[in-house]
1. Could I have the simple spin-label model distance between residue 55 and residue 317, label points 7 Å from Cα toward Cβ, reported in nm to one decimal?
2. Suppose each label sits 7 Å from its Cα in the direction of the beta carbon; what would the residue 221-residue 296 distance come out to in nanometres?
3. Quickly rank 39-45, 259-265 as a protection proxy: mean count of other C-beta atoms within 10 Å, highest first.
4. When only C-alpha pairs under 8 Å and at least 6 residues apart count, what is the relative contact order of region 25-109, in percent?
5. Let's test the formula: R0 of 45 Å, r as the Cβ-Cβ distance of residue 155 and residue 75. What FRET efficiency results, to the nearest 0.05?
6. Using R₀ = 22 Å, calculate the FRET efficiency as 1/(1 + (r/R₀)^6) where r is the Cβ-Cβ separation of residue 247 and residue 41; round to 0.05.
C-alpha cells in the first residue's frame, strides 16, 4: 500500500475517534462537542505524526476522509462549518478553504494558486498554531472544471471569492513546516468588536471602544517598542513568521471558526485594516502598523506582502493616505481590491 493511502486510512479512523464516527456517517457527538474536541491539544498531539508524514506531491483527499461538515443556521440563513481534526478554520480559509481543500489563498502567479492550512489547538480562548501545510493548484475556467467533474478527475475544486468563483485542478501538497507559537501564560484577552485579521478595504466602521486588556497593543509606547523589529524583518518573511516574531495572540470564542488578532502596533480593528489587491502577477497585501491616539489611528509603517512574503517595509508620515503605496507598478494598478 502506498504511504499516502495508508495515511488517508489512518485519518479516516482517527476522524471517527475524534468526531464520534461523524466522518463515517455514524451516530456522532453533538456539534458543539465536535468543534471543541477537534481543536483540543490532545487531538493535535495525535494528528501531528500524520501531518509530519506528509510530503510534496501528496493529495489532500486524506483530509476529506476525516472532514465533517455541519450546517449553522441563523437569522441570516444557513452556512457550512467545516471540521477537520486539529484544523484551525479561521487561519485556513474558513469553510471555503475546507470545502475546496485549497485552504487560505495566500498567493497566485499566473494560473498557479497557493494555499495554506494551519493546524493547532485551543488553550483557553487562544489559538495556538503549530503546523502548516502549503498547497498548490492550477486555475482553470468553468467549462474545463465541468468537463473534469464529469470525468471524475480527482484533486479538483472550487473556491468562492468576492470577485467570483475560482476553479482549479491538480491540488496537492507542496511543503509543510512546524510552527512554534507558544501556549500563552498571560490572562485571557477580551477581543474588541470586529477585530479580524483582514476586513473589506472600503470598511467604514465606527470606532468601537477598546477593552482594557487590549489597549496596550495599540498604544504609542507599544508601537515604538516594536518598530525596530519591523524595520529588521528580512525580505521574504512570511506572515505567520512575522506574527511569531511579534508575539501575536489569536483570540477565539468559537473554537477557531473566527478569531481576533492582537499584535503590538498592528492596526486592524477600525477603518485602518489590511488591504488586499489581487492581480495576475500576484496577491498583494498592505499591513498597517502604528498606534491609536484618541479616536485617530496613526499609520507609521506599512508592510507590503507579495504572495505571503514580505516585499518591503515603508515608513509613513501618519497623515496622508497610506493605501497608495501598493499601486506603483502597472500590473498591480490593474488589479482588483478584494477582501
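Every number here is computed from the coordinates shown, using simple stated rules; none is lab data. Nothing here was measured: the structure is a model prediction, and the numbers come from that model. Quick reminder, even Gly has a Cβ in these numbers, built from the backbone with ideal geometry, and neighbours come from all protein chains shown.
1. 5.7
2. 2.1
3. Ranked from most to least packed, the peptides come out as 259-265, 39-45.
4. 24
5. Using R0 = 45 Å, I get an efficiency of 0.75.
6. Efficiency, rounded to the nearest 0.05: 0.65.
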